[in-house]
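Participant: If you scroll down you'll find the structure; I have some questions about it.
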Amino acid sequence: MKLNNHFLELKDSYLFSTVARKVREFQAANPDKKVYKLSIGDVTLPLAPAVIKAMHDAVEEQAHKETFRGYGPELGYDFLRSELVNYYGKRGVKLELDEIIVSDGAKSDLGNILDIIDPSNKVLIPDPVYPAYVDVNVMGGRKISTIAGNEANGFKPLPYDGLDADVIYICSPNNPTGAVYTKDELKKWVDFANSKNALIIFDAAYESFITDPTLPRSIFEIEGARTCAIEICSFSKIAGFTGTRCGYTVAPKELVFDGISVNALWNRRQSTKFNGTPYIVQRGAAAVFSDEGMKQIQENLQFYRDNAKIIKEGLNSVGVWSVGGENSPYVWARTPKGMKSWEFFDKLLNEYGVVCTPGAGFGENGEGYFRLTAFGDREVTKEAVKRVIELYK
Ligand code: MLT
């Protein structure tokens, strides 16, 4: 018996596990010190009342023989998929119900999608990047190349002559940098992918943070995307489902490689290895799109946007270079005096009691940067920003 040796090529631990360990160690050594966490992008506001009510009602249904539901449709209930069709439709993106496949979250889909992609493909990943994209490909022993995000390109790398790829990961609004591609920029990726017969895996987890109507919230707002892209999205950031778990993948019918439909393979994969997202959770997710639910989640999103503004303005007040924080819950900033990311992380934690995410944890182009999240409590955010600014003085 042989285990999958590719796991040995992974870094010792996942970025956010390392950050959490360092914070635990600091707290154990300094039990009296308060720690201000703006690291992992985990939401802090409770689920919207409309979502809670829908889930309570669904629990009640499960209590009675007449309304009880066992296994659901593996690909998601139509009541949720039709809400998603409407949600996209409002932005001019026409989808069919069976182009949407509901799951237990974007992170699962981002990893599981590799089941339907041949290991011989050349995978192109931007750097810095959400570390899960890299790790799932390393686990599968895939050949990865990177494309650099940096200050010169606003952390929005674009295809160039001579670039080659079969599979391309794009996240916009970006995690970790908060940079957002314009329609023209995304069109360049779509044209590139179509010209190479490549697949774009578009991570739209942060689309709900976009308020600028000129910016694309879905890759399918871009002409030509239906023949080269899938979109993976989540209820975590739009509606605070990080602990509740629900997401979905959009696989258009026209997305066909060598005569094989991506939608059909993904359906086959999900029906075989997944028994569907819990009914109660899908009822909660569908309630996000009710008039009441939408209003309530917009209030929560605005709260986080205001946090992002506090972070951004604080950094601007001491002249720190940063990107993101507008149309995005993440702010990506340069460390002082060329300090290495982990050195900055340790100093910020040990001397100022603030937890950031070190840029180097997202790839080598993240060295010299750090990320702050707008998902924190208001008081924590204000105090953390005050302390970060101190470090620059
Ligand atoms: C992050 O902090 O990057 C996110 O919380 C990661 C995630 O959504 O899994």
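Participant: Which of the following residues is at positive phi and not aliphatic (A, V, I, L, M): Gly76, Gly111, Gly41? Can you show your working first?
Facilitator: Working: Gly111 fails: at positive phi; Gly41 fails: at positive phi.
Just one listed residue meets the conditions, Gly76.
Participant: May I ask you to verify whether Thr249 is more than 15 Å from the ligand (Cβ to nearest atom) and under 20 Å from Tyr77 (Cβ atoms)?
Facilitator: So Thr249 fits the description; yes.
Participant: While we're on this one: Residues in segment 368-390: is at least one of a type in the set (A, V, I, L, M, F, W, C) and surrounded by fewer than 17 Cβ atoms within 10 Å (Cβ to Cβ)?
Facilitator: Within segment 368-390, one or more residues are of a type in the set (A, V, I, L, M, F, W, C) and surrounded by fewer than 17 Cβ atoms within 10 Å (Cβ to Cβ).
Participant: Applying the selection to segment 329-346, what residues are outside any strand (DSSP E or B) and not small (Gly, Ala, Ser)?
Facilitator: Pro329, Thr335, Pro336, Lys337, Met339, Lys340, Trp342, Glu343, Phe344, Phe345, Asp346, listed by residue number.
Participant: Which of the residues belonging to segment 167-185 are in contact (Cβ under 8 Å) with a residue 60 or more places away in the chain and not aliphatic (A, V, I, L, M)?
Facilitator: Within segment 167-185, Pro173, Asn174, Asn175, Pro176, Thr177, Gly178 qualify.
Participant: Would you confirm whether or not segment 144-166 contains a residue that is within 15 Å of the ligand (Cβ to nearest atom) and closer than 30 Å to Ser271 by Cβ?
Facilitator: Checked segment 144-166: no residue is within 15 Å of the ligand (Cβ to nearest atom) and closer than 30 Å to Ser271 by Cβ.
Participant: Mind listing whichever residues of segment 31-57 are open to solvent by 40 Å² or more (accessible area, probe 1.4 Å), closer than 26 Å to Ala374 by Cα and not β-branched (Val, Ile, Thr)?
Facilitator: Matches in segment 31-57: Pro31, Asp32, Lys33, Lys34, Lys37, Asp42, Leu45, Pro46, Pro49.
The values are calculated or read from the model by the stated rules, or taken from the named source; none is laboratory data. What you see is a predicted model; the values in this text were computed from it and never measured. Backbone-built Cβ (ideal geometry, glycine too); neighbour counts: all protein chains shown. To get the accessible areas, we keep the full protein, side chains included, count just its heavy atoms, and leave off ligands, DNA and RNA. Shrake-Rupley method; radii C 1.70, N 1.55, O 1.52, S 1.80 Å.
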